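Visitor: I have a structure I would like to understand better, so I am pasting it below and will then ask my questions one at a time.
The values are calculated or read from the model by the stated rules, or taken from the named source; none is laboratory data. Just so it is clear, the model here is predicted, and its values are computed rather than measured. For neighbour counting, all protein chains shown are included, and Cβ atoms are generated from backbone atoms with ideal geometry for every residue, glycine included. Surface accessibility is based on the protein's heavy atoms, side chains included, excluding ligands, DNA and RNA. Shrake-Rupley method; radii C 1.70, N 1.55, O 1.52, S 1.80 Å.
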Amino acid sequence: MQRRKKTSSEIPSGDGSGPATSPTRKVTSTRKVKRCTMVGLALLGIGAIFLAVTIYYSVDWTVRKFSPPVETSSKWTHQHNAAKERERKAKPLPQPWKIKPKVLSKEFPANTKCQEKPRLTRDVLDKSLALGTKFLLEHQKSFGNFDYEYDWTTGVKTDDDMEVRQAGALWGLSLIFHDMMDTFDSDDPDSLRVLHIVAVHLLRAFEFFVMQNSEILEFNGVTMRYITYPDSEKHGIGTMGLVSLAIVEFLRATGDNVPEYVQMKLISPHKREELESMLRQLLAFLVSSHSATPIRSLEDRFRTWNKLISGANWKSWQTQEDQYKETGDGGGYFLQNYDNEGLSSGISSSYYDGECLLAIVKAAKYLEYNFLFPMAVGTAKSLHHRHVTMALKEDEDSAETKGFYQWSSMAFFELATVEFEESEEYYDPTRFGSWLVDLALWMVDVHGTLGRPKNTGYAYEGIVPAWSYAATSGSNTGTAQHLHCTIEEGMARLISWQVGMGLVENSVDDWDGQKGLGGVQNSLKEPGLRIDTTQHQMHATILARRLVYPEPNTWPWSTELFVRQ
């Protein structure tokens, strides 16, 4: 068979330059490769987009809002389990500062006390506290909140209400519980009985405020909670501060060395853990309501909280403090209101600013939130400038300063009585002690608390700590004496306005000995017993017992006038 001879065009050249294959076929093959590559890349791109979308939607990038289930005291376990799951996902709280409370001496020089005949005694204060506790408990509603105002001469309860004052009553009851726990004797039947009653009422109040009337926001594993008092579309941020304060006092009271009976029968561990979780959620919302971090969206709240936690360990004290310290007129306060959706608005309120400041200071000082201490210090400086320095320049008897007075004084007392284990170059506690005493002198000498016709129990929430600081620091014995005489005269007068303390009830001929017992009038002639008036005076009484008349260190468990079963 004769073979066909290849033409020159079909024979490859020796240098490889000749066509080994058809040029047309080679181009076609290259195009196919490119086309396949492009198709492959397109498929890869589509796959990447699909994967990204899958990942995106597998992470919760939007704020979810929902209401917690309504619980009763027998169903705390459900809330506890849900809280444990949320806390498992939460970032641990940093502890960058080693701080501890400074214990003030209970021995006071004689020249720091009033030289006139004493008008107060520990027995009088004990009886007043027991009666005030009785009133708060008996005027708690079955839901958990309180009768706002009660006319003890007619038995009529007002229909008025105010959520911030209701939250203040919760805080007052928690303060009383804390005071009881400090002297609780598990071998004393009266102690067991009375403490059990108070604990039941306190937990009922927590259920009302924190479980049944709150909303939850969640974003990317972080949970916030805010109080939504019934029948209100706008809420005061002071409510958040006061409810947080109530939980702080409860957790302080049930920390170390809790008697087994109390732990197992009254305050079971899962209830305490649940309230710990709720406090973290409330504080996250409260801190992110500061004007230093404008809230344009709900997501901004979570960014603020996460940045505060993540930056606490590496940012300097001054850097953290300066974020919240505004000595101009534009910021450094807490946004006054929030709505049912959790959006904040409004300008500064001296009352609410003080309440929120005190909550953050106490949480930072006594619990696991010491990373908030620079924020608390910066905010304290800013608020003092706004509500004291600037306000008194405009009016020497400023109503703005009055609203800020007791809350800031309590916060300044806490800030003045703290110790750092490391260097204190960045922190000067004496500044706050000076502000505390100066404000007390303003309240006594300028505002004239002793000459006021209405109840000024709130004033002694600041004057009593100011006297304690002045007396123990030894800086000015004349000032200490002046404040002590004011406490003696002023609190003795206010206690006489309390039903059952021997004065106001004598003006009613047919008093049955029980109506209004323990409630405090707003003046000598006003029979209306408002819940916040009693709460403030009872706290002032607790402070006077602890700081001015500390002995004997007992609680009036066995008084016959206390709560009846």
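Visitor: First compute the accessible area of segment 337-454 with a 1.4 Å probe, then give the percent of it belonging to carbon and sulfur atoms.
Guide: Working: 1970 of 4060 Å².
Using a 1.4 Å probe with all protein chains present, segment 337-454 comes out at 49 percent carbon and sulfur.
Visitor: Calculate what fraction, in whole %, of the accessible area of segment 186-322 sits on carbon and sulfur atoms when a 1.4 Å probe is rolled over the protein chains.
Guide: Of all accessible area on segment 186-322, carbon and sulfur atoms account for 44 percent.
Visitor: Report, by chain and number, residues whose modeled amide H sits under 5 Å from the one on Ser214, excluding near sequence neighbours (fewer than 5 apart, same chain).
Guide: Excluding prolines and chain starts, which carry no amide H, the hits are Thr228.
Visitor: For segment 364-411, what does the accessible surface come to per residue with a 1.4 Å probe? Please give it in Å².
Guide: 29 Å²
Visitor: Would you pull out the residues with amide H under 5 Å of Gly332's amide H, same chain only if 5 or more places away, H placed 1.01 Å from N?
Guide: Ser291, Ala292
Visitor: Through the Karplus equation 6.51 cos²θ - 1.76 cosθ + 1.60, θ set to phi - 60°, convert the phi angles of segment 196-213 into ³J(HN,Hα) values in whole Hz; use x for Gly and Pro.
Guide: 4, 4, 5, 4, 4, 5, 5, 5, 4, 5, 4, 4, 5, 6, 9, 8, 8, 10
Visitor: In percent, how large is the relative contact order of segment 132-208, given Cα pairs closer than 8 Å and 6 or more residues apart?
Guide: Values: 58 pairs, mean separation 27.6, N = 77.
Computed value for segment 132-208: 36 percent relative contact order.
Visitor: Let me spell out the model: positive unit charges on the Cβ of Lys and Arg, negative unit charges on the Cβ of Asp and Glu, origin at the Cα centre of segment 118-201. What dipole size does that give, in debye rounded to 20?
Guide: Numbers: 8 positive and 16 negative charges, 27 e Å.
So the magnitude is around 140 debye.
Visitor: Within segment 434-474, name every residue whose backbone N is under 12 Å away from a label modeled 7 Å from Cα of Asn111 along the Cβ vector.
Guide: 474
Visitor: With contacts defined as alpha carbon pairs under 8 Å and 6 or more residues apart, what's the relative contact order of segment 158-300 in percent? Write down the numbers at each step before the final one.
Guide: Values: 130 pairs, mean separation 43.8, N = 143.
31 percent.
Visitor: While we're looking at this one, here's another question. Loop-only chymotrypsin sites (Phe, Trp or Tyr not before Pro) in segment 281-387, please: DSSP not H, G, I, E or B, and at most 13 other Cβ atoms within 10 Å. Don't jump to the answer; show the numbers that get you there.
Guide: Working: sites: Phe285, Phe302, Trp305, Trp314, Trp317, Tyr324, Tyr333, Phe334, Tyr338, Tyr351, Tyr352, Tyr366, Tyr369, Phe371; in loops: Trp314, Tyr324, Tyr333, Tyr369.
Hits after loop and neighbour filter: Trp314.
Visitor: At most 16 other Cβ atoms within 10 Å and a DSSP loop assignment: could you name the chymotrypsin sites (Phe, Trp or Tyr not before Pro) in segment 129-233 that fit? Write out the running numbers ahead of the final one.
Guide: Working: sites: Phe135, Phe143, Phe146, Tyr148, Tyr150, Trp152, Trp171, Phe177, Phe184, Phe206, Phe208, Phe209, Phe219, Tyr226; in loops: Phe143, Tyr148, Trp152, Phe184.
Counting only loop positions with at most 16 other Cβ atoms within 10 Å, the chymotrypsin sites (Phe, Trp or Tyr not before Pro) in segment 129-233 are Phe143.
Visitor: If eta is 1.002 mPa s and T is 20 °C, what Stokes-Einstein diffusion coefficient results for segment 152-305, Kirkwood Rh from Cα pairs, in µm²/s?
Guide: Using the Kirkwood radius from Cα pairs, D works out to 126 µm²/s.
Visitor: Sort segment 83-238 into rounded, prolate or oblate with this rule: let a ≥ b ≥ c be the square roots of the eigenvalues of the Cα gyration tensor; rounded if a/c is under 1.5, and if a/c is not under 1.5, prolate when a/b is larger than b/c, oblate otherwise. Please list the in-between numbers first.
Guide: On the way: a/c = 1.89, a/b = 1.25, b/c = 1.51.
Oblate, because a/c is 1.5 or more while a/b does not exceed b/c.
Visitor: Given a Förster radius of 30 Å and the C-beta distance between Trp317 and His270 as r, what FRET efficiency does 1/(1 + (r/R0)^6) yield to the nearest 0.05? Show your work: numbers first, answer last.
Guide: Numbers: r = 36 Å, r/R0 = 1.21.
It comes out at approximately 0.25.
Visitor: Moving on. Mind checking segment 389-494 for GluC sites (Glu not before Pro) that DSSP puts in a loop (not H, G, I, E or B) and that have at most 14 other Cβ atoms within 10 Å?
Guide: On the way: sites: Glu394, Glu396, Glu400, Glu414, Glu419, Glu421, Glu422, Glu424, Glu425, Glu461, Glu488, Glu489; in loops: Glu396, Glu421, Glu422, Glu424, Glu425.
Within segment 389-494, the qualifying GluC sites (Glu not before Pro) (loop, at most 14 other Cβ atoms within 10 Å) are Glu396, Glu421, Glu422, Glu424, Glu425.
Visitor: Moving to a separate point now. Can you run phi through the Karplus equation (6.51, -1.76, 1.60; θ = phi - 60°) for segment 399-408 and list ³J(HN,Hα) in whole Hz, with x for Gly and Pro?
Guide: Rounded to whole hertz, the list is 5, 5, 5, 4, x, 7, 4, 5, 5, 5.
Visitor: I've got another one for you. Sticking with the crude label model, points 7 Å out along Cα→Cβ, report the distance from His196 to Glu489 in nm, one decimal please.
Guide: Result: 4.7 nm between the two label points.
Visitor: Something else: Hey, what's the per residue convex hull volume over the C-alpha atoms of segment 201-266, in cubic angstrom? Provide the component values of the computation, followed by the final result.
Guide: Details: hull volume 7.9 nm³, N = 66.
Cα-based convex hull of segment 201-266, divided per residue, equals 120 Å³.
Visitor: Please compute the contact order of segment 431-565 in relative form: average sequence separation of alpha-carbon pairs under 8 Å and at least six residues apart, divided by the residue count, as a percent.
Guide: Details: 125 pairs, mean separation 31.9, N = 135.
Across segment 431-565, relative contact order equals 24 percent.
Visitor: Taking a ≥ b ≥ c as the square roots of the eigenvalues of the Cα gyration tensor of segment 458-514, is the shape rounded (a/c under 1.5), prolate (a/b larger than b/c) or oblate? Don't skip to the end; give the middle numbers.
Guide: Working: a/c = 5.25, a/b = 3.64, b/c = 1.44.
Note, shape of segment 458-514 comes out prolate.
Visitor: Counting heavy atoms of the protein chains only and a 1.4 Å probe, report the per residue accessible area for segment 309-351 as a whole number of Å².
Guide: Working: 2060 Å² over 43 residues.
Using a 1.4 Å probe on heavy atoms only, each residue of segment 309-351 averages 48 Å².
Visitor: In whole percent, how big is the carbon plus sulfur part of the accessible area of segment 459-565, probe 1.4 Å, protein atoms only? Spell out each step's value before the answer.
Guide: Values: 1840 of 3910 Å².
The nonpolar share, carbon plus sulfur, comes to 47 percent.
Visitor: Would you mind getting me the FRET efficiency between Leu524 and Leu392? Use the beta-carbon distance for r and R0 = 35 Å, nearest 0.05. Mind dumping the intermediate values first?
Guide: Numbers: r = 30 Å, r/R0 = 0.86.
Computed FRET efficiency for Leu524 and Leu392: 0.70.
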